[in-house]
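S.K.: Before anything else, here's the structure in question.
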Amino acid sequence: MKNKGADIIKGFMFIIKKYVFLVCAFVIAASMFVHSQIISESDTVVISSVVVKSESGDSEVEAVDFKTVSEWAYHLNLNLVPDAPPFADGKGFFLSGYQTVIPVTGYKKDFMYKIYFDFLRYTQDDIPFNSKLKIFIRDVHGNKRQVGTADVTYMSDKKKFEVTVPFDLSYPGRFDIIIHEYAGKAGNWGIWDIIVTTKKINEIELMPIDSKSTIKEIEPKIFK
């Protein structure tokens, strides 16, 4: 009987030790997950080669590369300017609808941010489009504010188009960039990259390009 009682106690102690081990393992795993989420936040987020779906399921953007756009521009007597640093992979997208909504996450929310739009640009000053963009920021609660307007002069300007994100709209940790095109026919504007950053554009280090990267569903590329 004593041996049987001892076996029961040993079995009970084994179960307790196993339970404690599993709890500790869970706590460690959870801590690692939280830590990975924290260190993934960045002061610079680059959005490039994304697939954005409308509510109807239709694509709001069309993925393009330098060769494709160069051939298209040639027939309009335009010469395309190559993709420019700090992130120059020669890939971008055209806004194919009148409204495009691009979510932004993964940034450190305690800072003020600017957004640089690296529009597809051409060497000619006379751009054969009658179009303009209005850009809005919308927070997670649905509050929306216009932050900029771009006309076709930015298709030949040497500088990236810049807007400031209102701090109260970015602070929750996520916001939407809403781009409205005002034109008789949509699809005039192309973008190499959208850079969300706390820095001036010339302060951003050249960013590595993953040659194996593919088009992803609304997934911004995040760099330290």
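S.K.: Output the pairs from K67/K158; K114/K158; K91/K144; K67/K200 with a Cα-Cα distance over 24 Å in this structure; if there are none, say none. It would help to have the intermediate numbers written out before the result.
M.R.: On the way: K67/K158 20 Å; K114/K158 18 Å; K91/K144 29 Å; K67/K200 29 Å.
In this structure, K91/K144; K67/K200 exceed 24 Å between Cα atoms.
S.K.: Rank the residues W72, W189 as a footprinting-exposure proxy: fewest other Cβ atoms within 10 Å of their Cβ go first. Mind showing how you got there, number by number?
M.R.: Values: W72 15, W189 24.
Fewest-to-most Cβ neighbours within 10 Å comes out as W72, W189.
S.K.: Follow-up question, since we're still on this one. Quick one: dipole size for the stretch 109-201, taken about the Cα centre, charges +1 on Lys/Arg Cβ and -1 on Asp/Glu Cβ, in debye to the nearest 20. Before the final figure, lay out each step's value.
M.R.: Working: 15 positive and 12 negative charges, 37 e Å.
So the magnitude is around 180 debye.
S.K.: Which entries of K134/K199; K109/K185; K160/K185 show an alpha-carbon separation above 31 angstrom in the structure shown? Don't jump to the answer; show the numbers that get you there.
M.R.: Working: K134/K199 23 Å; K109/K185 37 Å; K160/K185 24 Å.
Pairs exceeding 31 Å: K109/K185.
S.K.: Taking neighbour counts of Cβ atoms within 10 Å as a proxy for exposure, in what order, fewest first, do T164, T100 appear? Mind showing how you got there, number by number?
M.R.: Details: T164 12, T100 23.
So the ranking, lowest neighbour count to highest, is T164, T100.
S.K.: Neighbour counts of other C-beta atoms within 10 Å: give me M112, M155 arranged from fewest to most.
M.R.: On the way: M112 11, M155 22.
So the residues, fewest neighbours to most, are M112, M155.
S.K.: In terms of modelled amide H atoms, which long-range or inter-chain residues lie less than 5 Å from the amide H of Y98?
M.R.: Here nothing satisfies the definition.
S.K.: For Y122, enumerate residues with amide H under 5 Å from its amide H, sequence gap 5+ or separate chain, H modeled in the peptide plane.
M.R.: Those lying under 5 Å, H to H, from Y122 are V81, S156.
S.K.: Can you tally the net charge around K132? Count Lys and Arg as +1, Asp and Glu as -1, for every other residue whose Cβ sits under 11 Å from the Cβ of K132.
M.R.: On the way: positive: K134; negative: D151, E181.
Value of the local net charge: -1.
Where a number appears in this text, it was derived from the coordinates with a stated rule and is not lab data. These numbers were taken from a predicted model, which means no experiment stands behind them. Methodologically, a virtual Cβ is constructed for each residue, glycine included, from the backbone with ideal geometry; neighbour enumeration extends over all protein chains shown.
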